[in-house]
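Read the structure below first, then the notes.
The values are calculated or read from the model by the stated rules, or taken from the named source; none is laboratory data. Since the model is a prediction, treat every value here as computed from it, not as a measurement. For neighbour counting, all protein chains shown are included, and Cβ atoms are generated from backbone atoms with ideal geometry for every residue, glycine included. These area figures cover heavy atoms from the full protein model, side chains too; ligands, DNA and RNA do not enter into them. Shrake-Rupley method; radii C 1.70, N 1.55, O 1.52, S 1.80 Å.
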Amino acid sequence: MRRVAVIGAGMTLFRRRLLETGKEMCYQASQMALAEAGIELTDVDAVVTGSAPDAFDGVHMKGEYLSDGAGGVGRPYMRVFTGGGTGCFSAIAGWWHVASGLADICLVVNEEKMSSCHPHPQTAFGHIWDPILERPLKPNLIWIFAMEMNRYMTAHNIKKEDIARVAVKNKRNAVDHPCAQLADPNITVEDVLDSEVLAWPVQRLDISPPSDGASALVLASEDIARRYSETPVWISGVGWCIDSTMWTNRDLYFPEYVARAAKMAYGMAKVDDPRRDVDVVEPYDPFDYKELHHLEGLLLCDKGEAPKLTREGVTERDGELPTCPSGGLLGVGNPIAATMGIKVGEIYWQLAGKAGKRQVPGSPQLGVCQAWGDLMQFSSVIVMRA
Amino acid sequence: MADEVRRWRGDMEAYYIYTAGVAGDRFLREIRDNGRLMGTYCPRCDVIYLPPRIYCETCFSELNEWEEVPNKGVIDAITVAYVNDKGERLPQPLVWALVRFPGARGGLVHFVSLPEEDVREGMEVEVVYRRTGRREAAITDILYFKPV
């Protein structure tokens, strides 16, 4: 397989409702990524797009619909979709286009226009549940996460305030992100604990918001990357794994499928000791407890240890293991697939030394990003090197 | 009772409020307020997009120049519909056409105010708008194409 580098990234604002259509958002993000890479659309060999359920935008065959805004017209083009896991998975699909030799330059564009869906995007989320066994009970999708969160807290005797610290850290980190929707420089643990209870133990400020947004990456083969970029960031390892949709089959306290995806990616990247070697990490954080769950799934600490690391400041931007320095989904926003900009995009910017005010100290060399989705059963992981 | 076990009724109850977008907003306003078709021009590729876009899909230039497209175009493709979107018989057949406009890349689809036997490809037609004051910045502000 050929080496593949990220040489450009771009993203739109993340907002509850943007004036741009999905296609227009795709165009804006793509143009930013192409400009950073110093290339034009005519240099692109293939395009991969990623987007979550069609039911958010209210357009069936969203991949086809977005194609002209994503630069796909007249080229090999495909859409991938693994729910929230698309946030890293479309970049993996872009990687295999280049690694295989099929394309020298692949543009990856992710998009979500959740504002179209009314009365709330939750209406679409509701149809992830099994239509026979679960839908008749009229659950909100938050209920399933509330159970997972509670199981995690119970298994390890974790206090709610230790989970709330994640929301505080990320919403404060997001103050330095120019695209952020829910940054808050003054938020406290008490604010999170005092916010509206939605489904215990999930409260309003434990959750990321629905958003509109798009993001893009330019992936290139080694010779192209070296020609166009002084700071290419290499995709060293990729991994992904799905567990059963019969989520009742597994113990919710630990995401085994994340660990399997992580092992696959670490193995390919020849990372023997991730706890020693990983300098910066962007785990998927649509809920505050998910950052903790995913740090453990990514094997970056022991099971149940992530809240302690958070409490001790290890996961702060200037800590030993900077975690979600972008501000994450909790602070920047959660336009499902488009979160690629704060996962893969952020690790690219961090390792290229281009993260500006968000830059973690000590010129990080090894970064990991991860996304998570479908019916809390799928994970995608990418290991990147400066 | 057997039937009750075999099936469960459900519906996907979402409704949608779509975003017209940067280009779509101007396009629809121009129809409502000025009764004219406006496209965007790509100087690099020398094409006018109709419907307008803020980008050129070929070279990805950002398009800021707006050009009026004539209200008269030429029928490029036709169908005569006998059933509606639910598969029900229409009381009268509807003639539906793709119309292209001089100098523009793209085109518009809409109804044609002619009996099916009188419509031909290559026929010159013009846009008929809803009366001023009744327009609501929607594609339905165009009522139909009529022969020139």
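Just going by the charge dipole of the range B:20-147, with Lys and Arg at +1 and Asp and Glu at -1 on Cβ, which of B:F60, B:T140, B:Y82 is farthest out on the positive end?
Farthest towards the positive pole: B:T140.
Tally Lys/Arg at +1 and Asp/Glu at -1 over every other residue whose Cβ is under 14 Å from the Cβ of A:M61; what's the total? Present the calculation step by step, with values, prior to reporting the outcome.
Values: positive: A:K23, A:K62, A:R79; negative: A:D54, A:D57, A:E64, A:D68, A:E111.
Spelling it out: positives minus negatives among the neighbours equals -2.
If you plug each phi of the range A:14-31 into the Karplus form 6.51 cos²θ - 1.76 cosθ + 1.60 with θ = phi - 60°, what whole-Hz ³J(HN,Hα) values come out, in order, with x for Gly and Pro?
Along the range A:14-31, the couplings run 9, 9, 4, 8, 9, 6, 7, 6, x, 4, 5, 5, 4, 4, 4, 5, 4, 4 Hz.
Can you give the extra length, in nm with one decimal, that the chain gains between A:K138 and A:M1 once fully stretched, where that is 0.36 nm per residue apart less the Cα-Cα distance?
44.6 nm
What does the extension gain come out to for B:E67 and B:M12, with contour length at 0.36 nm per residue minus their alpha carbon separation?
Details: separation 55, 0.36 × 55 = 19.80 nm, distance 4.14 nm.
That pair, B:E67 and B:M12, stretches by 15.7 nm at full extension.
Which net charge results when you count Lys and Arg as +1 and Asp and Glu as -1 among the other residues whose beta-carbon is under 10 Å from that of B:V112?
-1
Only Cα pairs within less than 10 Å get springs; with that Gaussian network setup on chain B, which residue of B:L90, B:L108, B:L50 has the largest fluctuation?
Among B:L90, B:L108, B:L50, the largest mean-square fluctuation in the Gaussian network model of chain B belongs to B:L90.
Using the Cα centre as the reference, give the magnitude of the dipole from point charges on the C-beta atoms of the range A:117-260 (Lys, Arg: +1; Asp, Glu: -1; all else neutral), rounded to the nearest 20 debye. Don't jump to the answer; show the numbers that get you there.
Numbers: 14 positive and 19 negative charges, 25 e Å.
My answer is approximately 120 debye.
Other chains near A:121-128: what is the mean number of their Cβ atoms within 10 Å of each residue's Cβ?
The mean count of partner-chain Cβ atoms within 10 Å per residue comes to 2.
Relative to the Cα centre, what is the charge dipole magnitude of chain A, using +1 at the beta carbon of each Lys and Arg, -1 at the beta carbon of each Asp and Glu, and rounding to the nearest 20 debye?
120
What ranking do A:49-55, A:271-277, A:253-259 get when scored by the average of other Cβ atoms within 10 Å per residue, highest first?
So the order, starting with the most tightly packed, is A:49-55, A:253-259, A:271-277.
Give me the distance between the Cα centres of the range A:238-262 and the range B:1-37, rounded to whole Å.
Computed from Cα coordinates, the inter-centre distance equals 35 Å.
Report, ordered by chain and residue number, the lysines lying within cross-link reach of A:K159, taken as a straight Cα distance under 22 Å and ignoring same-chain residues fewer than 8 apart.
A:K169, A:K171, A:K290, A:K303, A:K308
Give me the percent of DSSP beta bridges within chain A that run antiparallel, rounded to the nearest 5.
70
Measure off 7 Å from each Cα along the Cα-to-Cβ vector at B:F111 and B:R134, then give the distance between these two points in nanometres to one decimal.
1.2
Could you derive backbone 3J(HN,Hα) for the range A:44-61 from the dihedral phi with the Karplus parameters 6.51, -1.76 and 1.60 (θ = phi - 60°), listing whole Hz in sequence and x where the residue is Gly or Pro?
Using θ = phi - 60°, the values come out as 7, 8, 8, 10, 10, 10, x, 7, 7, x, 3, 5, 6, 6, x, 10, 6, 6 Hz.
Work out from phi, with θ = phi - 60° and the Karplus expression 6.51 cos²θ - 1.76 cosθ + 1.60, the ³J(HN,Hα) of each residue of the range A:218-227, listed in order in whole Hz, and give x for Gly and Pro.
Along the range A:218-227, the couplings run 10, 9, 9, 5, 4, 5, 5, 4, 6, 6 Hz.
Test of understanding: in a Gaussian network model of chain A with alpha carbons linked when under 10 Å, which of A:V47, A:V238, A:V314 would top the mean-square fluctuation ranking?
Highest fluctuation among the options: A:V314.
Give me the summed buried accessible area for the A-B pair, 1.4 Å probe, to the nearest 100 Å². Write out the running numbers ahead of the final one.
Values: alone 14530 and 10320 Å², together 22470 Å².
Summed over both sides, the interface buries about 2400 Å².
Given the options A:Q370, A:Q31, A:Q203, which has the most mean-square fluctuation in a GNM of chain A, springs set between C-alpha atoms less than 10 angstrom apart?
A:Q203
Report the charge-dipole magnitude of the range B:20-147 in Debye, nearest 20, computed about the Cα centre from +1 at each Lys and Arg Cβ and -1 at each Asp and Glu Cβ.
Working: 17 positive and 20 negative charges, 70 e Å.
Dipole of the range B:20-147, to the nearest 20 debye: 340 debye.
Given H placed on each backbone N at 1.01 Å, which residues far from B:V125 in sequence or on other chains put an amide H within less than 5 Å of it?
Those lying under 5 Å, H to H, from B:V125 are B:G73, B:V74, B:I75, B:V148.
Can you give the local net charge around B:I78? Use residues other than it whose beta-carbon is closer than 13 angstrom to its beta-carbon, Lys and Arg +1, Asp and Glu -1.
-3
Positive end of the dipole of the protein assembly as shown, charges at C-beta (+1 Lys, Arg; -1 Asp, Glu), about the Cα centre: which of A:G267, B:W8, A:T248 has its Cα farthest in that direction?
Value: B:W8.
Would you mind calculating the gained length between A:E312 and A:M246 on full extension (0.36 nm times residue separation, minus the Cα-Cα distance), in nm to one decimal?
20.1 nm
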